[in-house]
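Since the structure comes first, as structure tokens, the remarks are kept for the end.
The values are calculated or read from the model by the stated rules, or taken from the named source; none is laboratory data. Note that the coordinates shown come from a computational prediction; the quantities given were computed from them, not determined experimentally. Quick reminder, even Gly has a Cβ in these numbers, built from the backbone with ideal geometry, and neighbours come from all protein chains shown. In case anyone asks, the SASA skips ligands and DNA or RNA and just uses the protein heavy atoms, side chains included. Shrake-Rupley method; radii C 1.70, N 1.55, O 1.52, S 1.80 Å.
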Amino acid sequence: MAVELDQVLTIAGSRIKSIPELIKENHVYWQSRWDKTLLTQALCTAFTSDMKVKGVANLREAANLAEVTEMLVASNHVSDGDHATRRKAFQYLGFRDFAERCVYIGGLKMMERIPIRILVPAEGMLLIPTPADFDNLKGALKDIRELRDGGQLTKDEYDEYHEFLKEYGERCVDLNDSAKEEREKYTKKGMITFLYPEATRSRNGLLQRAPRIVGDNYFPKEKGDRYIFPIMGWGIEEVVRSDQTIKLGRTTLYT
């Protein structure tokens, strides 16, 4: 059996149990905790030597609009440190309230990686199944069909795997639906959704086109008094690397 399929089956087995618990315990939406925020900001400061910013007038306009209407922030994603550096930039520029109101959209793996899980409550976060999760599920279903057709799985084995993956898919849909409900609640309270449209790391560091499922779930479907504020940031990936390792040193943050 292919390694990739094994990985999906392992993840599915874990999430079939964890997703219902997250929904039952109201942990699909995580509110920020001040102690975790202080810790991540202290770490961010320790690794930062300088900050260079452009477009402050645009941020000021976005902050003013967010006071009276729904706002969605769309940003590039280069590092696990992105949440912390965005807050640092907002606060550095004097927009602490804007920073406090941001809720970051994050994949389930944010809660499945222990070092990151410890710091997750530093910012408000909404947990979702990512487009990659659904793509991996489709790939796994295709794999077991090919294994069955190739005689490597019996019909009973195939049926067992298929039901297992089907259940995983249903749990992902449950989480997605619950996330939509939670987003409606916190948006009505004036919170701001902060989204990485590509829903994965940007390979070239730039803001990427959103997969269709992200566009359908988060971007306005028609014109109205709702706004999307694009923002770019980089620099922290020099310290908090994409391979999940830390390079000791200081970096300049750009926003």
Report task. Output the residue which, of all residues in the range 113-160 that are closer than 22 Å to Thr85 by Cα and among the charged types (D, E, K, R), is least open to solvent (accessible area, probe 1.4 Å). Result -> Glu123
Report task. For residues that are open to solvent by 10 Å² or more (accessible area, probe 1.4 Å) and among the aromatic types (Phe, Trp, Tyr), scanning just the range 66-112, find the one that is nearest to Leu195 (Cα to Cα). Result -> Phe95
Report task. Please go through the range 213-222 and pick out each residue that is in contact with a Leu (Cβ under 9 Å, 6 or more places away or on another chain) and either modelled with pLDDT of 75 or more or exposed (fewer than 11 other Cβ atoms within 10 Å of the Cβ) (or both). Result -> Val214, Tyr218, Phe219
Report task. Write out, first by first residue and then by second, each pair whose Cβ atoms fall under 9 Å of each other, whose residues are 6+ apart or on separate chains, and whose first residue, in the range 136-159, is touching a residue at least 60 places away in the same chain (Cβ under 8 Å) while the second is outside any helix (DSSP H, G or I) and surrounded by 13 or more Cβ atoms within 10 Å (Cβ to Cβ). Result -> Leu137/Pro129; Ile144/Leu153; Leu147/Leu153
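Give Arg171, Arg201 a once-over and let me know the one that is modelled with pLDDT of 95 or more and crowded, with 16+ Cβ neighbours inside 10 Å. So that I can check it myself, show each step before the final result.
Working: Arg201 fails: modelled with pLDDT of 95 or more.
Testing whether each residue is modelled with pLDDT of 95 or more and crowded, with 16+ Cβ neighbours inside 10 Å leaves just Arg171.
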Query raised in the report: Which residues, taken from the range 23-65, are in a helix (DSSP H, G or I), under 22 Å from Leu207 (Cα atoms) and touching a Leu at 6+ places or on another chain (Cβ under 7 Å)?
Result: Val56, Leu59
Query raised in the report: Among the residues of the range 23-51 satisfying the criterion of being open to solvent by 60 Å² or more (accessible area, probe 1.4 Å) and among the polar types (S, T, N, Q), which is nearest to Thr187 (Cα to Cα)?
Result: Gln31
Report task. Output the residues belonging to the range 51-87 that are touching a Pro at 6+ places or on another chain (Cβ under 8 Å) and of a type in the set (Ser, Thr, Tyr). Result -> Ser75
Requested in this report: Could you figure out which of (1) polar (S, T, N, Q); (2) closer than 30 Å to Thr40 by Cβ; (3) in contact with a Lys or Arg (Cβ under 9 Å, 6 or more places away or on another chain) isn't true of Thr154?
Outcome: (2)
Report task. May I ask you to verify whether Leu9 is of a type in the set (A, V, I, L, M) and more than 21 Å from Tyr104 (Cβ to Cβ)? Result -> yes
Report task. Name the single residue, out of those in the range 23-58 being closer than 28 Å to Arg241 by Cβ and small (Gly, Ala, Ser), that is nearest to the chain's Cα centre (by Cα). Result -> Ser32
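To keep it simple, each residue is scored yes or no on (1) open to solvent by 70 Å² or more (accessible area, probe 1.4 Å); (2) within 19 Å of His83 (Cα to Cα); (3) modelled with pLDDT under 80; (4) under 17 Å from the mean Cα position of the chain (by Cα).
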site	(1), (2), (3), (4)
Lys180	yes, no, no, yes
Tyr186	no, yes, no, yes
Gln208	no, yes, yes, yes
Pro211	no, no, yes, yes
Gly224	no, no, yes, no
Pro230	yes, yes, no, yes
Gly233	no, yes, no, yes
Thr252	no, yes, no, no
